[in-house]
Structure formats: structure tokens, C-alpha cells
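Let me begin by presenting the structure, written as C-alpha cells, before commenting on it.
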Amino acid sequence: MAEYQIATAADRRKLSEFLIREGQFLLPMVKLIEQSELAIDQMIDVLGRASIEAVLELSAQEKAGAKSPGKRSGEVRWHGRQEGVVHLAERKLRVSRPRLRHQSEGEVNIPAYEALRTEGKLATRMMDILLYGVSTRRYEKVLPAMAESVGISKSAVSRANIEAGGKLLKELAEKRFDELDILVIYIDGIRLGSHHVLGAVGVDSAGNKHVLGLREGSSENATTVGELLSDLVSKGIKPGRRRLFVIDGAKALRCGIDQVYGKENPVQRCRIHKIRNVCDHLPKEQHANAKATLRAAWKLEDASEGMRQVEQLAKWYEKKYPSAAASLREGLAEMFTINAMGLPPKLMRCLGTTNLIDSTHWGVRQRTNRVTNWQDGSMALRWASAAFEATARSFRKIMGCQQLWMLKAHLDEATDQQGVAAKKKAG
């Protein structure tokens, strides 16, 4: 995991000064805010607090002109800085804002700051443009599209600024994992209001966790699954290396793994999800028996013996509770994938469920529990992204990380065998 540092006020000021110098990059945002009274919490996810302060500075420049230290020119003059508060659609944010004074009429309002003091609707158009550019990595399209949306000629946005803006967006929006040996990929979804966000968390060969990617949509949506997995490939987690996938059992998710990474990758179904699914088809008095039988079977070192025990339970339920029997048999072999690898119990406890990513979801819920009005999927994705990153800062190594070498050895051997088979077939 990357090391994190606390950004000081001086750090934010330096970034603001950079953004002010690259004024064309923020010009469409200035116009959107001044003319439309739109909230800019969308922008905070891409450029951060420094961008808001830079927008306020640019808005002030339109009133007073550029700063000229030691010289007094014009009726409206710069008059230091002051702490202020802007209203975003979902929260308030304290910022450092410039002050302007008229030589005879006193304090002069800054248009952007006045617009941001009043709560407004989300700037959905601006966010759509940014998300489009970020999600497809077509950064060169972002700035012209934003400029055009507020009536600014595309030719006014220079190639240099497009490249600078694209670079900044790319650095903030993408992470690369080429140098990491990702052994395990956990995939599961979270529901925020009426919206779903599908997330992937990986574990490298040292046992460290990494947030790999997020997509709006559920694990039952084949398009969402395909986009998420393709995004992982583009970030450096490429097919050809065997990995263990831990999933909730959704058919679209299983199919997506086969299509993007190949059918040879081992898949472990989440055992907690399986218990819930089985119990959903049973009366309450049968829950304890089903749970005890499944948990005992999963502890067996012999995978085939464990599957035989579950099959016996399915036969017992077959006549009276046929849906429960069908649930037990569905994906049965993938419930024992880690047993078949001969992994130690402590490591299997971590790899047998999606608890690792579910705990990250808990962190997301803790950070979003006051949000009651999930206006659209973009808002859910924004909040999930911010909460995932915040939660990732407290990531620790997985349970049983000392035994991960055993999983790596198993996956390496399977990868080598796959390579030999491919060479023979090609020869």
C-alpha cells in the first residue's frame, strides 16, 4: 500500500496556485458555478479542496484583475484572505477565500463564493463529462466537452492545457498494479439507497490488501461485471497468471471471470452467502442443523469427503425442502476449492468468505450512514469511492498471511502447467 501524508494548508495553497496559473483548465467550472448556482461536490472528488479555492481565486480575478503586489490599480482591490464555508449538495466545506474591497463602496462579493453559499442541485452535467472521461480514459475529451457545455469555444482550450488536465485526471483517477503479484481477488457488491456498487479488493503475495476497482451496478449485471474486470486488466492485473477469485456466487460474476481471465482460474464461493441462501429455503427450526452440517463439512481436509457430506444433507432435504437441496448442490465443487488446494485452516478462514471486502463495505456504511437521499448512481459511486479509499488507509495484512506462500506455490504450479500445455498445443 502507498504511504499517506497529511496535506497542510501550505500544500493546498501551492496546488491552488498551480491551478490558478492553469486557469483555462478550470474556466468551465468557474462559469458553471457563477452562472448556474450549482453545487460542486462532484469536482471535490477529482481535484479536491484546492480546486475550490482556486475557483474562488479565479472568480475574484474577474472582478479585480490579476494581483499586482505593491501597486494599486482599479477601483476593486485585493484585500487579503478569510475563512469561509461553501455548501455542497451533501455537506459543508470550510475553505480559504480571497477578499475584495471597492475603494469607496467597501466589501465586494465574489460571484463564485456567493453562488456556493446557497445550496443547489448537483452539477450532473459536469460530473457526467468527468466520469465519462475518467471511466473510459479518454482524458483528451474532458476539457473540450466541459468548455462546450458552457458556451466556450473548443479552440480556446489549448492542447497544452488539455494534456496537463488529462495528466492530472489520470494520476488521480488511476492506480497501477503492474508491480504487484495479486494472488486473490475478492468481488462483492454493496447497496447504497436503491443503487448498487460492485467492488474488487485484491491481496498480494505479501498479504497486503488493495482496493482494485469499483463500478456502479450489481454482481448480477453482466455488463457491470465485464467493465469492472476489464478495468482490472487495464490496471495491470492481466490474465495468464492463475489467481483465486472469491465471490458471492452470482452467475454473471462467474461468467465474467471465465470470459476475462479464463476458465482455469480457481473460484471459491462465499460460504456465508451459501448458508444464507440455503436457510432462506428452510423453516427456522432447520437453520441450526444446516449451518452445523455445512461448517463441519468445510473443516474437512478431504474436499471430496466434504462434498459427500453436503450431498447427503441435500438428499435428506430433497423431498421436503427441494429448493434448499438445489441450493446446496448449486456450485458445490466451488464451495471446496480451497480445501482441494490443501491450505491450512487459518488461511482457509480468510479465503472461504467475502468477509474481507464485506468489512470494507462496513467502513463505507459507517462513512455514509447520514446520507439519506441517494439521488443517482453517480452519487453512490462517488461516495463509495471516497469511503473505500478512506477505509483502505487502515488496511492490515490478511489473516494467515504467513501461509500465503502455499497458495502462491499452488497457483504458480498451475500457471506453469498451463504455459507448458499452451506451448505443446501451439507446437
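The values are calculated or read from the model by the stated rules, or taken from the named source; none is laboratory data. Everything quoted here is computed from the prediction, not taken from an experiment. Virtual Cβ from ideal backbone geometry, glycine too; neighbours counted across all protein chains shown. These accessible areas exclude ligands, DNA and RNA; they are computed on the full protein's heavy atoms, side chains included. Shrake-Rupley method; radii C 1.70, N 1.55, O 1.52, S 1.80 Å.
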The range 65-88, subset on the phi < 0 side of the Ramachandran plot and of a type in the set (Gly, Ala, Ser), residue modelled with the highest pLDDT: Gly84
Would you confirm, using the coordinates I've provided, whether Thr353 is hydroxyl-bearing (Ser, Thr, Tyr) and in a loop (DSSP other than H, G, I, E, B)? yes
Tally, over the range 243-278, of residues that are touching a strand residue (DSSP E or B) at 6+ places or on another chain (Cβ under 9 Å), part of a loop (DSSP other than H, G, I, E, B) and under 22 Å from Ser205 (Cβ atoms): 3
State whether the residues of the range 193-204 include one that is part of a loop (DSSP other than H, G, I, E, B) and touching a Lys or Arg at 6+ places or on another chain (Cβ under 9 Å). no
Top-ranked residue of the range 188-213 - restricted to ones that are of a type in the set (Val, Ile, Thr) and within 12 Å of the chain's Cα centre (by Cα), ranked as nearest to Lys408 (Cα to Cα): Val201
Of the residues that sit in the range 214-229 and are open to solvent by 60 Å² or more (accessible area, probe 1.4 Å) and part of a helix (DSSP H, G or I), which one is nearest to Asp412 (Cα to Cα)? Glu227
Cβ-Cβ distance below 6 Å, separation of 6 or more or different chains: which pairs start in the range 217-237 with a residue that is within 20 Å of Asp181 (Cβ to Cβ) and end on one that is acidic (Asp, Glu)? Gly236/Asp178
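Which of the residues that make up the range 89-124 are part of a loop (DSSP other than H, G, I, E, B), polar (S, T, N, Q) and at pLDDT below 85?
Once the filter is applied, which keeps residues that are part of a loop (DSSP other than H, G, I, E, B), polar (S, T, N, Q) and at pLDDT below 85, the range 89-124 yields Gln103, Ser104, Thr118.
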Of those in the range 239-269 that are free of Cβ contacts under 8 Å to residues at least 60 places away in the same chain and of a type in the set (S, T, N, Q), the residue most open to solvent (accessible area, probe 1.4 Å) is Gln259
